[in-house]
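A short worksheet on the structure shown next.
The values are calculated or read from the model by the stated rules, or taken from the named source; none is laboratory data. Computed from a predicted model, the values in this text were never measured in an experiment. As a convention, Cβ positions derive from the backbone with ideal geometry for all residues, glycine included, and neighbour counts pool all protein chains shown. Ligands, DNA and RNA are stripped out before the accessible areas are found, and what is left, the full protein with its side chains, is counted by its heavy atoms. Shrake-Rupley method; radii C 1.70, N 1.55, O 1.52, S 1.80 Å.
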Amino acid sequence: MLMNVNGDHMVKKGKIVRVAGPVVQAKGIDASMYDVVRVGEEQLIGEVIKIVGNVSVIQVYEDTAGLKPGDPVVGTGMPLAVELGPGILKNIYDGIQRPLEVIAEESGTYIKRGAVAAPLDRKKKWTFKPLVKKGDKIRRGAIIGTVQETDLIEHRVLSPYDGTVKSIKEGSFTVEDEIGEIEHMGQKKALRLSHRWPVRRARPFVEKQPPNVLLTTGMRVIDTFFPIAKGGTTAIPGPFGSGKTVTQQSLAKWSDADVVVYVGCGERGNEMTEVLHEFPKLTDPRSGKPLLERTVLIANTSNMPVAAREASIYTGITLAEYYRDMGYSVALMADSTSRWAEALREIGGRLEEMPGEEGYPAYLARKLAEFYERSGRVETLSGKEGSVTIIGAVSPPGGDLSEPVSQNTLRVVKVFLALDASLAQRRHFPAINWLTSYSLYKDGLMEWFAKNVSEEFVQRRDEAMKLLQREAELQEIVQLVGPDALPDKEQLILIVTRMLREDFLQQNAFHEVDMYCTLEKADAMLANILEFYRQGLATLERGVEIKSIANANVVEEIGRMKYLEHVKDVKAIKERIAKELGNLSA
Amino acid sequence: MKEYTSISEIAGPLVFVEDVEGVAYGEIVEIELGNGERRKGQVLDISEKIAVVQVFGPTEGISTGSAVRFLGETMKIGVSEEMLGRVFSGLGVPIDNAPAPVAEERLDVNGLPINPASRAPPSDFIQTGISTIDGMNTLVRGQKLPLFSAAGLPHNKLAVQIARQAKVLGENEQFVVVFAAIGITHEEAHFFIRDFERTGALERAVLFLNLANDPSVERLITPRIALTTAEYLAFEKDMHVLVIMTDITNYAEALREVSAARNEVPGRRGYPGYMYTDLAMLYERAGRVQGKKGTLTQIPILTMPGDDKTHPIPDLTGYITEGQIVLSRDLYRKGIYPPVDPLPSLSRLMSSGIGPEKTREDHARLSDQLYAAYANGRDLRALSAVVGEGALSDTDRKYLHFADAFEKQFITQGYREDRSIERTLDIGWELLSILPERELKKVKKEFIEKYMKKAVEKEKKEAGKQ
């Protein structure tokens, strides 16, 4: 079901009978579940979340102080929906798609209650180039024309209906202007640059595709050891201070998605500001254009109304699906899904629902699964390939993953990036624990790596991982007897794994070169470290002391290879490793 | 004004008033006792028939016959510049025997969320004169950086030292301090007031005191009043405001008490499920705003129950604030002041407040290297306790030595010692010279040349002088 921007609907008036925090009860509006209603004299936006007899229970997306029984409530007869059309990118919205920059212009520093502003600029004219002509028979979801939305993204206007094109215009239009007409089941319908879509309903597609294309992130530990597939799902749980937000922001910056939807859900205001101020200055390593050109932000910070926080996740995913339907690969960062779950809990508590585990509502698992299931690489209705990749941060209380949000998330996601406080404390960033994290996309991506990186890449990665696992075992022994008691061969493993940890896994998100690493460079770095291991073993065979190997000059060179800008310089180190270690003699 | 005498139930801090009309959610209520005493409260839940009122203060003496007046507005406080130098109760009533300042504006104590699009990213380095903070967990204007402490640790002393020393380099402007005491003892409050008086800081401070024997429900209001005042001074009067709130743990206890009285479904350890949102409503009021000169920086202090960082109070705080400064009992036992443990401490905004033109070009890398080296040294300390120092390699022994020296020279400093950032960084470089140069992978080679050698010489000279 699709609605026009100016969709007709019934208006039913009722009145408030009770107010308790963000939950308001009203009589007489005769609403359906999830209908949007306007509450009080200030017309605060709310949504019907429960119906008992003639009483509608409403969650209100703004502060409810000052509301009283008897105040008017108006039903709109429509579910909570977002406006889809050109002008979404580069914008910053709150949880219910109110443009925060427009609101700041109108009402200043603070978000005042009852602030209203259209999500898409009503005055801006877009140059529309049609791709269909009169008489064409088109399907719902077909691309009827294009608009250059930003320097990076061409906005593909989708038809909301099946039918025959009756007319189509070329030229400059606002999002509300009629750009043509279509005959749909015997009725003439207007075509526009924008339409609305209810946020709680997934947008349709033809079929899902297997996850066998890599989403390059530029982060070595992820791309190499825990790869994320386009259309896949990833969870990043970790205690505070373990670098969830820096990881999310790095992914938003450097992943090779066409469009990034960044949802700041119940998090810090300053973080959203940082993204807003930093992204226009950063350039996309592939296109050279500012990153903001492909980004939309949804900011419902921790102190903004909790009900809108609940909605922000759906607003975000709906925008993501919309760009997917145009044939783009979209990455959605949700920081943090725990705050969203807490919003569910808070509202559930106000409804006096029977709580499940730790006070969370019993439907938490279902809601989480439904959300992650809206990801995927798909064939769109217009026959293109698009994808939505979801990367969700989880903030487990006390860092304990046995809590319900972490557990229910892990049951649905395929990549688990475990952030580790002890790594963060020693400034090992990204603090992704290489022993507990996993990616279930590894197998599906084997071919992709062989074709796009190198034939040896997967083999090198597996060898490196084996060494790291061996290190963990050796460390237990070292804790008891000290490192010198180990045989030379095992001491060599400790030297090599320290390289893997410090010189490969660690990556400085604030270093001008190291912040983004291509897979080619990562492959060359791995090859160097493994070469050092092989040459080291051979050198030991010749009776050389382990100390001489540990003090070789190339060790420091390996330590600094991540800061090298050109891959050829990284590759050149390999020869010097062979030469120096080869020349060591007993 | 609507007055009722229809109280039907009194439970804990909650009073249920029947047959009310036209009462709004969040409205302030005045209850008059038989003896003429007045108590304030707020509407928590309002339906067609019943208003649930949360009383600020004890419910002692309230009976079903008490008169209840609904004042028709939410909790407000009159604010003005004249509040500087004054001492108020936890509800904003002057308690320094001087008349109430004339209000320039009356503001809702709950404030409104700052529009994320209106914020300006914090970027001005605040020099606190404390090495572990300036060097490794830098505070910037507009940040919220809590002190995670525990019973018996010198967090108040450190807070006072920060308030006294904090300045922005190149500016003469001092910070205005807004101090909110939340359920602390009289003795602790006295310590702050005395120190503020002695250093003359009181003239540029506003104090709000809710002491341990004041009603606990009032604790929910005190920080809100303080922050409303601070926002006014920062964003209307162009001042740089530092808000110190102590102790947030008492605030959370009061929140739990009220939640329990309301029969709400409890979350972790009995604290209400909305505690995260509630705390965020306080902490998120810090910041910098576009087009305004003033800033609001927060240093909330909390004592971790059982020294446990995973307890809901520090845990939820850490998820909202931009880092934390953690005080360590182990360091304090060793006689180290300030006992700031750099390893679990963190300032998220550090990278935006340091570097060339702000502090020094080598700052970020130096700090990373110090962290890594100290962390390694501490690990090796544990290891050498098991296997003995003899079983360690030469390099490892140097790390051990580094960790000890780091605690003695970098972490340790005097209560009145105000270190410049230059000095802090130089001490850091000097300590790194203990380690072999090839271990210093996190710093640029040119910085080793440029800064370490100089720092070592400087230190030698200083040592020579003494």
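Here is a list: B:ARG365, B:ARG360. Which entry is away from every other protein chain (no Cβ under 12 Å), open to solvent by 20 Å² or more (accessible area, probe 1.4 Å) and touching a helix residue (DSSP H, G or I) at 6+ places or on another chain (Cβ under 8 Å)?
None of the others qualify; the one that does is B:ARG360.
Pairs, please: C-beta under 6 Å, at least 6 apart or cross-chain, first residue in contact (Cβ under 8 Å) with a residue 12 or more places away in the chain and closer than 14 Å to B:THR59 by Cβ and in the stretch B:30-42, second assigned to a loop (DSSP other than H, G, I, E, B) and of a type in the set (S, T, N, Q)?
Note: pairs meeting the criteria are B:ILE31/B:SER66; B:LEU33/B:SER66.
Restricting the search to the stretch B:112-143, which residues are touching a Lys or Arg at 6+ places or on another chain (Cβ under 6 Å) and closer than 20 Å to B:THR228 by Cβ?
B:GLY142
Would it be correct to say that B:LEU435 is surrounded by 12 or more Cβ atoms within 10 Å (Cβ to Cβ) and within 23 Å of B:SER384 (Cα to Cα)?
yes
Which one of these is outside the structural domain of A:GLY145 (by TED's automatic domain parsing), free of Cβ contacts under 8 Å to residues at least 12 places away in the same chain and farther than 23 Å from A:VAL413 by Cα: A:PRO285, A:PRO305, A:PRO355?
The unique qualifying residue is A:PRO355.
Has the stretch A:449-468 got any residue that is away from every other protein chain (no Cβ under 14 Å), at pLDDT 95 or above, in a loop (DSSP other than H, G, I, E, B) and within 22 Å of the chain's Cα centre (by Cα)?
Within the stretch A:449-468, not a single residue is away from every other protein chain (no Cβ under 14 Å), at pLDDT 95 or above, in a loop (DSSP other than H, G, I, E, B) and within 22 Å of the chain's Cα centre (by Cα).
For A:SER402, indicate whether it is within 14 Å of chain B (Cβ to nearest Cβ), over 21 Å from the mean Cα position of the chain (by Cα), assigned to a loop (DSSP other than H, G, I, E, B) and farther than 22 Å from A:ALA252 by Cα.
Judged against the criteria, A:SER402 is a match.
From the list A:THR150, A:THR164, pick out the single residue that is of a type in the set (Ser, Thr, Tyr) and either in contact with a helix residue (DSSP H, G or I) (Cβ under 8 Å, 6 or more places away or on another chain) or surrounded by 18 or more Cβ atoms within 10 Å (Cβ to Cβ) (or both).
A:THR150
So, in the stretch A:36-56, of the ones that are more than 22 Å from A:LEU344 (Cα to Cα) and either in a strand (DSSP E or B) or more than 14 Å from every other protein chain (Cβ to nearest Cβ) (or both), which residue ends up least open to solvent (accessible area, probe 1.4 Å)?
Ranking the qualifying residues of the stretch A:36-56, first place goes to A:GLY53.
Whether any residue in the stretch A:317-327 is on the phi > 0 side of the Ramachandran plot and free of Cβ contacts under 8 Å to residues at least 24 places away in the same chain is what I want to check.
no
How many residues, within the stretch A:76-86, are open to solvent by less than 10 Å² (accessible area, probe 1.4 Å) and in contact with a helix residue (DSSP H, G or I) (Cβ under 7 Å, 6 or more places away or on another chain)?
Adding up the residues that qualify gives 2.
Suppose we filter the stretch B:314-353 for residues that are more than 13 Å from every other protein chain (Cβ to nearest Cβ) and in contact with an Asp or Glu (Cβ under 9 Å, 6 or more places away or on another chain); how many remain?
7
Confirm whether A:GLY232 is open to solvent by less than 10 Å² (accessible area, probe 1.4 Å) and either within 12 Å of chain B (Cβ to nearest Cβ) or over 15 Å from the mean Cα position of the chain (by Cα) (or both).
Spelling it out, it is not the case that A:GLY232 is open to solvent by less than 10 Å² (accessible area, probe 1.4 Å) and either within 12 Å of chain B (Cβ to nearest Cβ) or over 15 Å from the mean Cα position of the chain (by Cα) (or both).
Tell me, yes or no, whether the stretch B:194-201 has at least one residue that is open to solvent by 10 Å² or more (accessible area, probe 1.4 Å) and in contact (Cβ under 8 Å) with a residue 60 or more places away in the chain.
Scanning the stretch B:194-201 turns up no residue that is open to solvent by 10 Å² or more (accessible area, probe 1.4 Å) and in contact (Cβ under 8 Å) with a residue 60 or more places away in the chain.
Find all pairs meeting these conditions: Cβ atoms under 7 angstrom apart; at least six residues apart or on different chains; first residue within the stretch B:276-290 and more than 7 Å from chain A (Cβ to nearest Cβ); second residue of a type outside the set (A, V, I, L, M, F, W, C) and open to solvent by 20 Å² or more (accessible area, probe 1.4 Å).
Listed by first residue and then by second, the contacts come to B:ARG285/B:GLY111.
Give just the number: which of (1) open to solvent by less than 40 Å² (accessible area, probe 1.4 Å); (2) more than 18 Å from A:GLU310 (Cβ to Cβ); (3) touching a Pro at 6+ places or on another chain (Cβ under 8 Å); (4) not small (Gly, Ala, Ser) does A:VAL73 not satisfy?
It is condition (3) that A:VAL73 fails.
With the requirement that a residue be part of a loop (DSSP other than H, G, I, E, B) and β-branched (Val, Ile, Thr), what does the stretch B:40-62 give you?
Answer for the stretch B:40-62, where residues must be part of a loop (DSSP other than H, G, I, E, B) and β-branched (Val, Ile, Thr): B:THR59, B:ILE62.
Working carefully through the options B:GLU21, B:GLU82, B:GLU48, B:GLU73, find the one that is more than 14 Å from every other protein chain (Cβ to nearest Cβ) and not small (Gly, Ala, Ser).
Being more than 14 Å from every other protein chain (Cβ to nearest Cβ) and not small (Gly, Ala, Ser) holds for just one of B:GLU21, B:GLU82, B:GLU48, B:GLU73, which is B:GLU82.
Please report, ordered by residue number, the helices (runs of 4 or more DSSP H) entirely within the stretch A:515-586 with at least 3 residues that are within 14 Å of chain B (Cβ to nearest Cβ).
In the stretch A:515-586, A:546-550, A:553-559 are the helices (runs of 4 or more DSSP H) which contain 3 or more residues that are within 14 Å of chain B (Cβ to nearest Cβ).
Go through (1) open to solvent by 50 Å² or more (accessible area, probe 1.4 Å); (2) part of a loop (DSSP other than H, G, I, E, B); (3) touching an Asp or Glu at 6+ places or on another chain (Cβ under 7 Å) and name the single condition A:LYS188 misses.
(2)
So A:LEU89 clears everything in (1) farther than 30 Å from B:PHE235 by Cβ; (2) more than 9 Å from chain B (Cβ to nearest Cβ); (3) of a type outside the set (S, T, N, Q); (4) open to solvent by 30 Å² or more (accessible area, probe 1.4 Å) except one condition, right? Which one?
(4)
Being open to solvent by less than 10 Å² (accessible area, probe 1.4 Å) and more than 7 Å from every other protein chain (Cβ to nearest Cβ) is the filter here; which residues of the stretch B:104-119 pass it?
Hit for the stretch B:104-119 is B:VAL109, nothing else.
Out of all the residues in the stretch A:57-67, is one or more within 11 Å of chain B (Cβ to nearest Cβ), open to solvent by 10 Å² or more (accessible area, probe 1.4 Å) and of a type in the set (Gly, Ala, Ser)?
Yes, that holds for at least one residue.
Somewhere in the stretch A:420-443, is a residue among the charged types (D, E, K, R), outside any helix (DSSP H, G or I) and in contact with a strand residue (DSSP E or B) (Cβ under 9 Å, 6 or more places away or on another chain)?
yes
Given B:ASP394, B:ASP418, B:ASP404, which one is within 13 Å of chain A (Cβ to nearest Cβ), open to solvent by 30 Å² or more (accessible area, probe 1.4 Å) and of a type outside the set (Val, Ile, Thr)?
Testing whether each residue is within 13 Å of chain A (Cβ to nearest Cβ), open to solvent by 30 Å² or more (accessible area, probe 1.4 Å) and of a type outside the set (Val, Ile, Thr) leaves just B:ASP394.
For the stretch A:391-427, give me the residue count where each residue is at positive phi and among the hydroxyl-bearing types (Ser, Thr, Tyr).
Total meeting the criteria: 0.
So which of A:GLU321, A:GLU293, A:GLU310 ends up being more than 10 Å from chain B (Cβ to nearest Cβ), within 15 Å of A:TYR93 (Cα to Cα) and acidic (Asp, Glu)?
A:GLU310
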